[in-house]
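Asks: What follows is a structure written as structure tokens; I'll ask about it next.
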Amino acid sequence: MESNQKYMRNFSIIAHIDHGKSTLADRIIETTGLVSHREMKEQYLDNMDLERERGITIKLQTTRLSYKAKDGHDYTFNLIDTPGHVDFTYEVSRSLAACEGALLIVDATQGVEAQTLANVYLALDENLEIIPVINKIDLGSARPEEVKQEIEEIIGIDASEAPLISAKEGLNIEAVLEAIVEKIPAPKGDINGKLKALIFDAYYDNYRGVVIYTRIFNGHVAKGDIVLMMNTKKKYEVTEVGVYSPGPIPVDMLMAGDVGYICASIKQVADARVGDTITMAANPTEHALPGYKKVQPMVYCGIYPSEGEKYENVKDALEKLQVNDAAFHFEPETSTALGFGYRCGFLGLLHMEIIVERLEREFDLGIITTSPSVIYKVVLNDGSIQMIQNPSNLPPLTEIDHIEEPIVKANIMIPNDYVGSIMEICQERRGVMKHMEYITSTRVVLHYEMPLNEVIYDFFDALKSKTRGYGSLDYEFLHYEKSNLVKLDILLNRDLVDAFSMIVHESKAYSRGRFVCEKLKDIIPMHQFEVPIQASVGAKVIARETVRALRKDVLAKCYGGDITRKKKLLEKQKKGKKRMRQFGSVEVPQEAFTAVLKYDDNK
Amino acid sequence: MMTTNRKLGLYIHIPFCLSKCLYCDFLSFSGFSDEDQSRYVQSLLMELDWYRDGREKAGGITIDILDYEVDSIFIGGGTPSLISAELIEKLLNKIHENFSVDQDCEITIEANPKTIDRHKLKAYREVGINRLSIGAQSLNPGLLDFIGRVHTPEEFLKNYEEARAAGFENINVDIMFGIPGQSLEIWSDTFQRVLDLAPQHISFYGLKIEEGTPFQLMKQNNELVELSDDLDRKMYALALSKLREPKLNGQCSNYDHYELSNAAETKFHCRHNLKYWSMDEYLGIGLGAHSYINQERFSVTRDIARYQKNNASHIDWRHTNSKEDEISEFIFTGMRKIEGISFQNYEARFGEPISRRYKNQVSKLLRGGLIELTGTGMKLTLLGIDLSNYVLSEFV
């Protein structure tokens, strides 16, 4: 067996959303000649439509490339793409752990962002060689020298040799490739040692079962080997090993230094957990690779079939998604208002939005989602503890001694002009500032401790809106803290609609109640009768609005036998009705559930 | 020749007007010459010939007109009374030439005040027109002006008398309520004065502000305030109660309120319009005209240049109704009739009871007091009339 380690480079790209990660990945792939320009879809690595639309990468894609460097040698590059959002920190860290180096892409017009910084720290934790790359230098507002200085100041790495590129224009890509060859260390590891391979991603394929993305740190693996997942303790027979370039290409063997894939007839990704170590069942390594943790959902919401949608269809789709997403949890629950559905757990709000959108688009399902909730620790009078993620399951107040809520450490990076307004929205959301840090003369990081339920409610939207998109945020769980929380209920025509219930801080109950009532007033259509909308805490009504009764909804003259026009009108109206959900006597459009959660600048 | 009893309504569209009213979104134009008129009528004649000849139109529509007997003709617009009586005569002659026309055929022409006189009306009678539909819209001069009508109440009244004198014994008067600025009193006055004329038929339409009309622009610019729904419904209710009031001679009124917006003496229900509401067959001739024949709906182009191109395709839209289409159209057009629809007819037509598809909808609407059972079928209640869109959208 011969190893090609010397001419191998494994690296990731770290960048803030919109700073050009995917575009650079496209250019690298193109320049190394793997895929012809004609065949390339824009932003090759982002392969879900949703990602393409949002311009962000959610699921990792890995590609093997071949590059003939100026030194005359042929190099094998393994480009490991990372997801670009705060919800996926753990996945990012495992992808980085599979590399020896990382390209840090910084937008020459915008500088370093909080989220980039968070990922840079992850890369530094993994002892990666970081190569700064300044992108978008073709733009008039580019300020590469300032940005270089910012990188040096904030991150503390030398940026003097950072390639100045335009990924969009294909400018100076060669310099990036040469830097990869020169600066990123070749992988090490004994190809004849005991197998030690890191799972950094996995997805489910209908034909091959779970496909594991892996980095081999030690030893080698081939078809027919019986492998052991060291954390889940499960054993599988390897059915195929290969590399992506860009489609799957089976190879005889993967060996230390390689990045590739392993198939072993695994039924769901939960059995091939990101961060787990693969070794040989018969001859296992003593120590698993460090850094494994089981990801836990932080945010929950109810997902229900909407009117006319089948419960089974939703179940099938959720199962399919779970097969591919170890971080996503669901279990059946029942709502008086919405009937049978599921309580679903997510890493964070974006993760939730992505799953919901995929259910709607890929699976073409009509669903209703309820207000997202965090997990509350409810301590009862008898000292027992209940973890509650559905507000409707909150025990009666008389049985509760106190409630604790999750607090996160939030790092908010903003241009200094916005410090005042951001401190204000943090304070409104019960944030406690720990300290403020000027990382350059114009950029500030605010360190806050904040209740997670405030962060998931509308904090992202508020932050983006107040900083015109320039603010960025990352957060991590800190601890549970005792808090004065109440359950806010919404009543339509005097009937409680459990799907609208939420747990809020007592100081927020009034304003939130009023906000929801006002929103619902705008969104609930007129009925034949007056519809009172009330917000209550316990038996006390704290806000009220009324939708007045409908008096007239008449079909105008049918003109000259043109039935079609009227029919279209009626069909449109019926379609509107279909999106309605019947609560007692009141019909509520499905949008109502998301509308009451939307950040409103005027509130 | 095989004779059958398949009846057909013929609609002829005349898209010309003296000037366009501010609320109107019908297919019509103003500013045209006599030549334009005769050229257009020439195209109508050609279209009528096509059906006679059974010739393939480019749109692929052929119907065997020998299978049909025409029992209603409706010359609508626009303002059909605007063009010369000679042109109307040519049209009717052509229809008689090409189609088998029932002895008792209802032949209507729409007329607007100021575009008719004794001579024209006499000529209409002579060519066999036996029903006149006059667009009075209002008897309030200020409102007429506001909505862009070019005639006065007096001109309408004069024309009405002339029509009677010319021998018209079946006259419809079109009036509108819900006009911005209209008070309940103004409406009551207009309605009463029309009733006092004792026309055989009254159409009373609620004004609706349509897309693309000057009224819609004015609404957008806050230059026009729509009447409240409450007032609009009061006006409608007032009309219904006036229709039921005893006449001056102490006799009960013999008006039937037979469709949402139409009332007539028993023998004078509009046969042609009833075809639209009963899923009977009709053929539309002329610009933008719609047809329903052999469970197929189709329409003529709305582009006049294209329409007048000889031998070109006139049909630019066609749709063969599925069973579902037929059913929902049967209900939502049929329910416009005050008597509603008959379950027996429904079953005869579609080979299944109405409960098969609409059990839930019917019981929900019954519970809501929006429809009621009639013994033979179902119909809208007064509340259901006010909310008819809501009700009928349950069935599409």
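The values are calculated or read from the model by the stated rules, or taken from the named source; none is laboratory data. In this text the structure is predicted, and so the values were computed from the model without any measurement. As a convention, Cβ positions derive from the backbone with ideal geometry for all residues, glycine included, and neighbour counts pool all protein chains shown. SASA here: full protein model, heavy atoms, side chains in, ligands and nucleic acids out. Shrake-Rupley method; radii C 1.70, N 1.55, O 1.52, S 1.80 Å.
Asks: Counting only residues that are farther than 24 Å from B:Lys267 by Cβ and in contact (Cβ under 8 Å) with a residue 12 or more places away in the chain, how many does segment B:128-151 have?
Replies: Qualifying residue count, segment B:128-151: 13.
Yes/no matrix, rows are residues, columns are (1) in contact (Cβ under 8 Å) with a residue 40 or more places away in the chain; (2) not polar (S, T, N, Q):
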position: B:Lys275; (1), (2): yes, yes
position: B:Ile293; (1), (2): yes, yes
position: B:Lys309; (1), (2): no, yes
position: B:Thr320; (1), (2): no, no
position: B:Ile331; (1), (2): yes, yes
position: B:Met335; (1), (2): yes, yes
position: B:Pro353; (1), (2): no, yes
position: B:Arg357; (1), (2): no, yes
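Asks: Turning to a different aspect of this structure: Residue pairs, Cβ under 9 Å, 6 or more apart or interchain, first in segment A:121-136 and under 21 Å from A:Ile173 (Cα atoms) and open to solvent by 60 Å² or more (accessible area, probe 1.4 Å), second aliphatic (A, V, I, L, M) and not in a helix (DSSP H, G or I). List them.
Replies: Listed by first residue and then by second, the contacts come to A:Glu129/A:Ala102; A:Glu129/A:Ile184.
Asks: For A:Val314, indicate whether it is of a type outside the set (Gly, Ala, Ser) and closer than 22 Å to A:Ile388 by Cβ.
Replies: Working: of a type outside the set (Gly, Ala, Ser): yes; closer than 22 Å to A:Ile388 by Cβ: no.
So A:Val314 does not fit the description; no.
Asks: Does at least one position in segment A:305-320 carry a residue that is open to solvent by less than 50 Å² (accessible area, probe 1.4 Å) and either within 16 Å of A:Leu198 (Cβ to Cβ) or aromatic (Phe, Trp, Tyr) (or both)?
Replies: Scanning segment A:305-320, I find no residue that is open to solvent by less than 50 Å² (accessible area, probe 1.4 Å) and either within 16 Å of A:Leu198 (Cβ to Cβ) or aromatic (Phe, Trp, Tyr) (or both), so the answer is no.
Asks: What's the number of the condition A:Ala549 fails, among (1) among the small types (Gly, Ala, Ser); (2) open to solvent by 20 Å² or more (accessible area, probe 1.4 Å); (3) touching a Ser or Thr at 6+ places or on another chain (Cβ under 8 Å)?
Replies: Going through the list (1) among the small types (Gly, Ala, Ser); (2) open to solvent by 20 Å² or more (accessible area, probe 1.4 Å); (3) touching a Ser or Thr at 6+ places or on another chain (Cβ under 8 Å), A:Ala549 breaks only (3).
Asks: Something else about it: Can you tell me which of B:Asp196, B:Asp256 is touching a His at 6+ places or on another chain (Cβ under 8 Å) and at pLDDT below 95?
Replies: Within the list B:Asp196, B:Asp256, the selection yields B:Asp256.
Asks: Restricting the search to segment B:108-125, which residues are hydrophobic (A, V, I, L, M, F, W, C) and either part of a loop (DSSP other than H, G, I, E, B) or surrounded by 23 or more Cβ atoms within 10 Å (Cβ to Cβ) (or both)?
Replies: Correct list: B:Ile109, B:Ala111, B:Ile116, B:Leu121.
Asks: Something else about it: Hey, among the residues in segment A:491-525 that are touching a strand residue (DSSP E or B) at 6+ places or on another chain (Cβ under 6 Å) and open to solvent by 70 Å² or more (accessible area, probe 1.4 Å), which one's farthest from the other protein chains (Cβ to nearest Cβ)?
Replies: A:Glu506
Asks: Answer yes or no as to whether B:Val396 is within 30 Å of B:Tyr236 (Cβ to Cβ), open to solvent by less than 60 Å² (accessible area, probe 1.4 Å), within 14 Å of another protein chain (Cβ to nearest Cβ) and assigned to a loop (DSSP other than H, G, I, E, B).
Replies: Values: within 30 Å of B:Tyr236 (Cβ to Cβ): yes; open to solvent by less than 60 Å² (accessible area, probe 1.4 Å): yes; within 14 Å of another protein chain (Cβ to nearest Cβ): yes; assigned to a loop (DSSP other than H, G, I, E, B): yes.
The answer is yes for B:Val396.
Asks: Select from segment A:375-387 the residues that are outside any strand (DSSP E or B) and of a type outside the set (S, T, N, Q) and write down the one among them that is most open to solvent (accessible area, probe 1.4 Å).
Replies: Result: A:Asp382.
Asks: Just the residues that are part of a helix (DSSP H, G or I), open to solvent by less than 60 Å² (accessible area, probe 1.4 Å) and either within 28 Å of A:Val445 (Cβ to Cβ) or free of Cβ contacts under 8 Å to residues at least 60 places away in the same chain (or both), please, taken from segment A:151-175.
Replies: Of everything in segment A:151-175, those that are part of a helix (DSSP H, G or I), open to solvent by less than 60 Å² (accessible area, probe 1.4 Å) and either within 28 Å of A:Val445 (Cβ to Cβ) or free of Cβ contacts under 8 Å to residues at least 60 places away in the same chain (or both) turn out to be A:Ile151, A:Ile154, A:Ile155, A:Ala175.
Asks: Exactly one condition in (1) open to solvent by less than 50 Å² (accessible area, probe 1.4 Å); (2) within 14 Å of chain B (Cβ to nearest Cβ); (3) at pLDDT below 80 is false for A:Lys578; which is it?
Replies: Just one mismatch for A:Lys578, condition (1).
Asks: Out of segment B:205-226, which residues are in a loop (DSSP other than H, G, I, E, B) and within 14 Å of chain A (Cβ to nearest Cβ)?
Replies: Hits for segment B:205-226 are B:Leu207, B:Lys208, B:Ile209, B:Glu210, B:Glu211, B:Gly212, B:Thr213, B:Glu226.
Asks: Would you confirm whether or not segment B:80-100 contains a residue that is surrounded by 21 or more Cβ atoms within 10 Å (Cβ to Cβ), closer than 27 Å to B:Ser278 by Cβ, touching a His at 6+ places or on another chain (Cβ under 9 Å) and touching a residue at least 24 places away in the same chain (Cβ under 8 Å)?
Replies: Yes.
Asks: Would you confirm, using the coordinates I've provided, whether A:Ile368 is in contact (Cβ under 8 Å) with a residue 60 or more places away in the chain, open to solvent by less than 30 Å² (accessible area, probe 1.4 Å) and in a helix (DSSP H, G or I)? Steps first, please.
Replies: Numbers: in contact (Cβ under 8 Å) with a residue 60 or more places away in the chain: yes; open to solvent by less than 30 Å² (accessible area, probe 1.4 Å): yes; in a helix (DSSP H, G or I): no.
When the stated conditions are applied, A:Ile368 does not pass them.
Quick grid of which residues meet (1) assigned to a loop (DSSP other than H, G, I, E, B); (2) surrounded by 21 or more Cβ atoms within 10 Å (Cβ to Cβ); (3) at pLDDT 80 or above:
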position: A:Gly33; (1), (2), (3): yes, no, no
position: A:Arg52; (1), (2), (3): no, no, no
position: A:Gly72; (1), (2), (3): yes, no, yes
position: A:Asn78; (1), (2), (3): no, yes, yes
position: A:Gly84; (1), (2), (3): yes, yes, no
position: A:Ser93; (1), (2), (3): no, yes, yes
position: A:Cys99; (1), (2), (3): yes, yes, yes
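Asks: Inspect segment B:133-142 for any residue being modelled with pLDDT of 95 or more, open to solvent by 10 Å² or more (accessible area, probe 1.4 Å), under 24 Å from B:Ala264 (Cβ atoms) and touching a Pro at 6+ places or on another chain (Cβ under 6 Å) and give the result as yes or no.
Replies: No, segment B:133-142 has no match at all.
Asks: Name, by its number, the condition in (1) more than 14 Å from every other protein chain (Cβ to nearest Cβ); (2) closer than 24 Å to B:Thr301 by Cβ; (3) aliphatic (A, V, I, L, M) that does not hold for B:Ile73.
Replies: (1) is the only condition that B:Ile73 fails.
Asks: Then there's this: If you take the residues in segment A:253-287 that are under 21 Å from A:Tyr207 (Cα atoms) and open to solvent by 50 Å² or more (accessible area, probe 1.4 Å), which one is farthest from the chain's Cα centre (by Cα)?
Replies: A:Met253
Asks: Regarding B:Asp256, is this residue outside any helix (DSSP H, G or I), open to solvent by 40 Å² or more (accessible area, probe 1.4 Å) and out of contact with any Pro (no Cβ under 7 Å at 6 or more places or on another chain)? So that I can check it myself, show each step before the final result.
Replies: Values: outside any helix (DSSP H, G or I): yes; open to solvent by 40 Å² or more (accessible area, probe 1.4 Å): yes; out of contact with any Pro (no Cβ under 7 Å at 6 or more places or on another chain): yes.
Yes.
Asks: On to the next question. Look through A:Pro290, A:Pro250 and report the one residue that is free of Cβ contacts under 8 Å to residues at least 40 places away in the same chain, open to solvent by 10 Å² or more (accessible area, probe 1.4 Å) and assigned to a loop (DSSP other than H, G, I, E, B). Working first, answer last.
Replies: Numbers: A:Pro250 fails: assigned to a loop (DSSP other than H, G, I, E, B).
It is A:Pro290.
Asks: Pick out, from segment A:388-491, the strands (runs of 3 or more DSSP E) lying fully within it that include 2 or more residues that are of a type in the set (Ser, Thr, Tyr).
Replies: Strands (runs of 3 or more DSSP E) meeting the threshold: A:472-483.
Asks: For segment B:373-387, check the following and say yes or no: at least one residue is away from chain A (no Cβ under 14 Å), more than 24 Å from the chain's Cα centre (by Cα) and open to solvent by less than 60 Å² (accessible area, probe 1.4 Å).
Replies: Yes.
Asks: Across segment A:115-146, what is the number of residues that are over 22 Å from A:Glu182 (Cβ atoms) and in a helix (DSSP H, G or I)?
Replies: 10
Asks: Can you name the number of the only condition in (1) at negative phi; (2) touching a helix residue (DSSP H, G or I) at 6+ places or on another chain (Cβ under 9 Å) that A:Arg468 fails?
Replies: Among (1) at negative phi; (2) touching a helix residue (DSSP H, G or I) at 6+ places or on another chain (Cβ under 9 Å), A:Arg468 violates only (1).
Asks: Can you tell which of A:Lys223, A:Lys196 is touching a Phe, Trp or Tyr at 6+ places or on another chain (Cβ under 9 Å) and at pLDDT 90 or above?
Replies: Every option except A:Lys196 fails the conditions.
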